[in-house]
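Below is one structure, written out as structure tokens; comments come after it.
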Amino acid sequence: MSQKSVSTSLFDREILGAALVDSFRKLAPQQQWKNPVMFVVYSGSLLTTLLWIQALNGEGKDPANFILAVTLWLWGTVLFANFAEAIAEGRSKAQAAFLRSAKRDIAAKKLDEPRYGENYSKVAGSSLRRGDVVLIEAGDFVPGDGEVIEGVASVDESAITGESAPVIRESGGDFSSVTGGTRVLSDWLVVRVTTNPGEAFLDRMIAMVESAKRQKTPNEIALTILLVALTLIFLMVTVTLLPFSLYAVATSGAGQPITITVLVALLVCLIPTTIGGLLSAIGVAGIGRMMQKNVIATSGRAVEAAGDIDVLLLDKTGTITLGNRQASAFIAVKGVSEKELADAAQLASLADETPEGRSVVILAKQKYGFRERDVHTLGATFVHFSAQTRMSGVNIEGRQIRKGAADAIRGHVEELGSKFPPEFRKLVDDVARRGSTPLVVSEGARVLGVIELKDIVKGGIKERFAELRQMGIKTIMITGDNRLTAAAIAAEAGVDDFLAEATPEMKLKLIRQYQADGRLVAMTGDGTNDAPALAQADVAVAMNSGTQAAKEAGNMVDLDSNPTKLIEIVETGKQMLMTRGALTTFSIANDVAKYFAIIPAAFATTYPVLNVLNVMHLATPASAILSAVIYNALIIVALIPLALKGINYRPIGAAKLLQNNLLIYGVGGLIVPFIGIKAIDLFLVTLGLV
Amino acid sequence: MIKHLKPAIILFVLLSVLTGVIYPAIVTGLAQLLFPSQANGSLMTDNNGKTTGSSLIGQPFSSFGHFWGRPSATAPFPYNAGASSGSNLGPTNPALVDAVKARIQALKIADPDNKAPVPVDLITASGSGLDPQISPAAATYQINRVAKTRNIRPEILRALVDANTESRQWGFLGEPRVNVLKLNLAMDQLSH
Amino acid sequence: MTSNSYFQVIVYVVTLLALAKPLGWYMARVYEGESVGLNRLLAPIERLMYRLSGVNPKEEMRWTDYAVGLLVFNLLGALAVFALQRLQASLPFNPQHLSGISPDSAFNTAASFATNTNWQGYSGEVTMSYLTQILGLTVQNFVSAATGMAVLVALIRGFTRRNVDTIGNFWVDLTRSTLYILMPLSLILALVLAGQGVVQTFNSYQAVPLVETVSYEQPKLGVDGVALQDAGGKPVMESVEAKEQVVAVGPAASQVAIKQLGTNGGGFFNVNSAHPLENPTPLSNFLEMLSILLIPGALCYTFGMMVGDTRQGWAILTAMTLVFVVLVFIAVPAEQSGNPALAALSVDQSASISQSGGNMEGKETRFGITNSALWAVVTTAASNGSVNAMHDSFTPIGGMVPMWLMQIGEVIFGGVGSGLYGMIMFAIVAVFVSGLMIGRTPEYLGKKIEAYEMKMAAITILIPPLMVLGGTALAVMVEVGKASVFNPGAHGFSEVLYAFSSAGNNNGSAFGGISANTPFYNTLLGLAMLFSRFWLAVPVLAIAGSLAAKKKVPVGLGTLPTHTPLFIALLIGTVLMVGALTFVPALALGPVVEHLQMIGAK
């Protein structure tokens, strides 16, 4: 199964059809009322419709056909805006439906009792409820999101993460979460299902794109206020133009006062219909684009806030470095040979099934050819890692071999009456300074040396951080490592700062500190202990591979579990704002040309001298007004693709970005309508319509 | 609201005393002390101590033997220094053109030989209606008429005009100008 | 334009900008409560005032308290001016025995002076007693200016503070503005003006003999004092001979100084600074003109200093200056080009060394074209509204420039305080749109601009156009409105539009032909002034309060710098776009049509 994005062409035929129907359905007044700018157009359309009926009865101030033409294009303006919104909704829903269908329905083995070995019945995966317990054996797909309560297994999560290496899932701890659609490769798991069908994040996301439930985001509200203010101003401009015109007619003794039809046309042309008509489409499309990137957002506010992120907190392990550290060197103390150390290290690690333990065994084999010895034939007893001793090792033939963190071994040897060699401290520090983790090996009271466990920084991550820096985002690595190690890895990965020896409390404190300074903090996380910090962060992206608690605490889930996805999330957030800003500028800049079209036309009979302002040389007053109205309607359609795709964001600095967008949408917005209106006028003249 | 009433009232009274009583009193006192003439209207007196007018307030002149000042729109008579006023005629108001035509006509009647175009300030009403000055061009335009009427040589008038011409203050501020009242008074003085 | 003309403009602009920094620095220190040179003299007075009025200068106010204090204080001021006008006949310092003023005119003038508009519905020398002039009008000139400055300072504090709910103490800001800034500057200016010939006396008007007597016609009055009418109903006229002129004088210098410095503009005399005793010389003209923009310009620097980044202040000052200079270079040539209707009549309108030429109707000889047109731009760039020439007689374009400067919201320098806070509102809108365009929640000076700020900024930008367009529409619809129009045709429409542009933006200048001293205009214009002043000041204070409570966002790579040429261009663009889009149709029907008709366009 592939959960990569659905490649709907911009205007899929099915979506198009549904959107057309929806455009008319959205003509209901209660729908229109939600968008004040378009509501004015809607009211204007109703008014001119009445004027047309009046004109049919021979009482019109303008020719009936002219009123009809204006009326039709005004309704067209409303419908185009509806259409834009409908198509954005349609596409987002299609995207969501695709993601949902990708959760293929899997046969599940539902256990009668929550224990391995109990009887199970085979049921459809979609029928599972929260709390059901299922058995998943080698070769089975995981039927739904859940927590492992028993067993250890390797799981292929490549379908969602793209990483081919299988991961271990086991009960308890951070690796207890499984995701629907992944496959168990070996062994078995008993899993308690944690979500009901229909409660998934996907469903919450779908609610955000449906107009009925959609909440406006903060910036959208602020922009709407600005648009309403502009609309009120233009309403005042056009309403007062009637008395002005009457006075002009009276004082000049010539011509006819401006008609209501022309005033409505002028009003609709002036108010920011371009942005007003596309505003909700932009928001919906933004969420849709998130989905295309396999990010499920559960709050529109968070999507928008993503564009504002100042600080990004990243967990080191699995995000900046590959999940597992690998043994890279044996460094023996004076008087101990490296080979001796390697031997002891391998013995101590034989029973250690962690990736790190295995890498020690492998390194010893590679360097000194020690074959992997069978643990059972050696007659050894293994000492497993415990939280109290923080050491593991082996007792074999009277030898007590231990490995562990430096201070743990130090405690161990001192307890045995020996002293930690003073020069040894330096050895340990050197390893840490290289960004590696020192693992000290001892035999009895004697310290043998250090195993260097190296963190492998993910390829390409440095470039990603550089990109974030250009966006103005500070990256902070969070790690449980000590300062020296953390500093080295931070330098290698190119993060701006790091938090070493981090505890969940420290993470939370760090986030609050940044927030108190007025910064917006984003965080990616996957562990249960990340949950409080995720809940505190302004934008919290939980990895889909993470625990349920982490996912609940976040406001986005990345299905790909790719921590650097945040860059794309930030871009999408910025695109949403930029598209709104650019279209607002464009919309207002357009008004200049519209004035040049309508003002001379509206007062042609009263003040013929004003024809000097008819710089476009539009054919007749009627064609001038009609051309402006038609342009105003068509520009909405023309900009739908831009609204859906969003404006490209490039991290080139705020000033440069603004300059570029001002040139394109501000200056462009001044020029384009002159060309557009003139073209429509020529077209109307050619067709002999005016 | 109530809690703000007390400071509002008392501060208002105090500020009124400060800015409406003390401040004008200080200015008046100092001005009367330092610039007694200017502070009282820049009145001019003749040798007998009789007031002859204000050097800053124009007077109406219409006799051919005096230099005329700017047309004045004050009511009920021109240069009513008790009620300053401009004409407020708009540039496209036909009444303005009519008024200008009439003024040109009056100038032509007074000096039929003068074919030069009329300097604009001589046929347009001043802003205050009390403008004490005309442009040197407007004075020059009238020299011949006054000279003829008074039967004195134009050069004498020329010199008199120059003597009563103020150039731009500090060489660049404002415009060069001729004080009509002073010029006429000086001329009358001359004829006596 | 002549080279001298350019030179005068340049000297003006350079002097203005040169003074911005020292005065701006001084004012910042005043508002930050630091000691200034005048402390030894003024601090005891200041302390005494607080003690008497029970004000604790250390006590901080929330924005709501600040606003209520401001409103109460201004209401008191308006009431006092109203009462003084109504009762002046029975009060002292009325040597001309001027009678009490009608209720509608008194309301208009009270509203006008309390709102720092200083629209002159009345004719000073024939209406106002000396007492009304000094205790009513001069006082309001001071305190209405100080009110504007206080609101600005409160707004600046909104930007500089974080996580607090107070924005300063209104009483302190009001008192310090008056005591440390307006009074000392006025005192100096008043004395210099008096030296130049501006009158300052409590004597009654001076009668002086006329060299030539004039005769004029006036309606003949019967024994009962009622004008006689002939059989046809026409008034019977009689010929009268005037042998003297009565020169109106009074305590003018003290009022003129603050009228200019406080961007008030209400003149002592009817024709304001065109009057030779209010503005006698080119030097007095220069100083009066400089005083108009002095404080508004310097406050930009104060703003920059107080927000801790003077570049922010310079940026705004640059934006203002650029718009200003461009408009000067439109207005001056328009006036210099003269009136085509006169060109046909053998009139010399060309500039030469012996005359300024141009459109001299309504202008004074000593000021000529340059200083008249420059003043017109200065006085309407600021919400001053004093005039040294009759704007009604300007060419259509020359008159449109001042009209449009008012319509764009009095933010190009603007009123003391109010101009800058108005400009900051535009800056908020500009950063909002540009913030969106770079994909970031907009912020200005480290404060996030959100829905609440947008709502308040929108109100401040919305109210003036509503007043201007709505008022004009109402006036041209009703007979009482149309009857007051003086000039015919499109110019008449301009008169009404100018009146409401002036009142709706608290400017106060006028196309003087309109007979606005009628109950209809007095009431409507008075209301427009009140709305435009306080419906702006209160939302601005609300923004101040909201900003003060916010965190401060540190500057980062993603932050849009607001001191760059790009931002200056954007700010100018926002102001001009809103102004242009709102008023293009109205201007088209007024000055634009008139201009086209005048130049004979086909």
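A few comments on the model shown:
- Euclidean distance between Cα centres, region C:244-267 to region C:420-434, Å: 35
- Summary value for chain C: 19 percent relative contact order, contacts being C-alpha pairs under 8 angstrom separated by 6+ residues.
- The mean number of Cβ atoms from other chains found within 10 Å of a Cβ in peptide B:40-49 is 4, as a whole number.
- Taking the Cα centre of the protein assembly as shown as origin and assigning +1 to Lys and Arg Cβ atoms and -1 to Asp and Glu Cβ atoms, the resulting dipole is close to 840 debye.
- Taking every protein chain into account, the 1.4 Å probe leaves residue C:254 with about 0 Å² of accessible area, to the nearest ten.
- Accessible-area value, residue B:158, 1.4 Å probe, nucleic acids and ligands omitted, Å²: 80
- Count, lysine Cα pairs under 16 Å in chain B, 8 or more residues apart or across chains: 4
- C-alpha long axis of helix A:422-433 to longest principal axis of chain A, angle in °: 30
- In terms of the mean number of neighbouring beta-carbon atoms within 10 Å, the peptides A:397-406, A:238-247, B:107-116 order highest first as A:238-247, A:397-406, B:107-116.
- A 1.4 Å probe, protein heavy atoms only, puts the accessible area of residue C:25 near 120 Å².
- With R₀ set to 35 Å, the beta-carbon distance separating residue A:656 from residue C:10 gives a calculated FRET efficiency near 0.55.
- Computed lengthening from residue C:241 to residue C:311, 0.36 nm per intervening residue step minus Cα-Cα distance: 18.8 nm
- Span from the region A:252-296 Cα centroid across to the region C:443-502 one, whole angstrom: 25
- Shape category assigned to region C:537-602 from the gyration tensor of Cα positions, a/c cut at 1.5: oblate
- Look at where the Cα atoms of region C:281-359 and of region A:402-421 average out, and the two centres are 85 Å apart.
- Taking amide H as placed 1.01 Å from N in the peptide plane, the amide H of residue C:443 sits under 5 Å from that of C:449, each at least 5 places away or on another chain.
- For the peptides A:676-682, A:167-173, residues were scored by their other Cβ atoms within 10 Å and the scores averaged per peptide; the highest-first order is A:676-682, A:167-173.
- Look at the dipole of region C:307-440 built from charges on Cβ: of C:416, C:370, C:313, the Cα furthest out on the positive end belongs to C:313.
- For residue A:524, nonlocal amide neighbours, meaning residues 5 or more places apart or on other chains whose placed amide H falls under 5 Å from its own, are A:313, A:315, A:541.
- Here the Karplus relation 6.51 cos²θ - 1.76 cosθ + 1.60, evaluated at θ = phi - 60°, turns the backbone of region A:646-656 into coupling constants of x, 7, 4, 9, 10, x, 10, x, 4, 5, 5 Hz, with x for every Gly and Pro.
- Shape category assigned to the protein assembly as shown from the gyration tensor of Cα positions, a/c cut at 1.5: prolate
- Between residue A:466 and residue A:215, the contour length at 0.36 nm per residue exceeds the alpha carbon distance by 86.9 nm.
- Segments C:381-393, C:142-154, C:447-459, A:625-637 sorted - mean Cβ within 10 Å per residue, highest first: C:381-393, C:142-154, A:625-637, C:447-459
- Normalising the average separation of contacting C-alpha pairs (under 8 angstrom, six or more residues apart) by the number of residues puts the relative contact order of chain A at 15 percent.
- Placed amide H near residue A:188: partners under 5 Å, 5+ positions off or other chain: A:152
- Acute angle (nearest 10 degrees) that the helix C:489-503 long axis makes with the longest principal axis of chain C, alpha-carbon atoms: 50
- Å² of accessible area per residue within the protein assembly as shown, as computed with a 1.4 Å probe and no ligands counted: 35
- Computed log₁₀ I(q)/I(0) - Debye formula, equal Cα scatterers, no solvent, chain B, q 0.08, 0.10, 0.12 Å⁻¹: -0.39, -0.55, -0.71
- Here the 3J(HN,Hα) profile of region A:72-80, calculated from phi with Karplus coefficients 6.51, -1.76 and 1.60 at θ = phi - 60°, is 4, 6, 5, 4, x, 4, 4, 5, 4 Hz, Gly and Pro shown as x.
- Across region C:463-477, rounded Karplus estimates of 3J(HN,Hα) from the backbone phi angles (6.51 cos²θ - 1.76 cosθ + 1.60, θ = phi - 60°) give 4, x, x, 4, 5, 5, 6, x, x, 4, 4, 4, 5, 7, 8 Hz, Gly and Pro being marked x.
- Remark on chain C: Rg and Dmax equal 24.1, 86 Å (Cα only).
- Computed label-point distance, nm, for sites residue C:97 and residue A:112 using a 7 Å Cα→Cβ extension: 12.1
- Rounded to the nearest 10 degrees, the inclination of helix A:13-25 to the longest alpha-carbon principal axis of chain A is 50 degrees.
- Sites residue C:326 and residue C:346 - FRET efficiency at Förster radius 30 Å, r taken between beta-carbons, to 0.05: 0.30
- Three-way shape call for region A:31-150 based on the alpha-carbon gyration tensor, with the a/c threshold at 1.5: prolate
- Partner shielding of C:281-287 amounts to 4, given as the average count of beta-carbon atoms from other chains within 10 Å of each residue beta-carbon.
- Using a simple spin-label model with pseudo-atoms 7 Å out from Cα toward Cβ, residue A:426 and residue A:377 lie 4.4 nm apart.
- For residues of C:2-15, the mean tally of beta carbons on other chains within 10 Å: 1
The values are calculated or read from the model by the stated rules, or taken from the named source; none is laboratory data. On a predicted model such as this, the values are computed, not experimentally measured, just so you know. Reconstructed Cβ throughout: ideal geometry from the backbone, glycine too, with neighbour counts over all protein chains shown. Heavy atoms of the whole protein, side chains included, go into the accessibility calculation; ligands, DNA and RNA do not. Shrake-Rupley method; radii C 1.70, N 1.55, O 1.52, S 1.80 Å.
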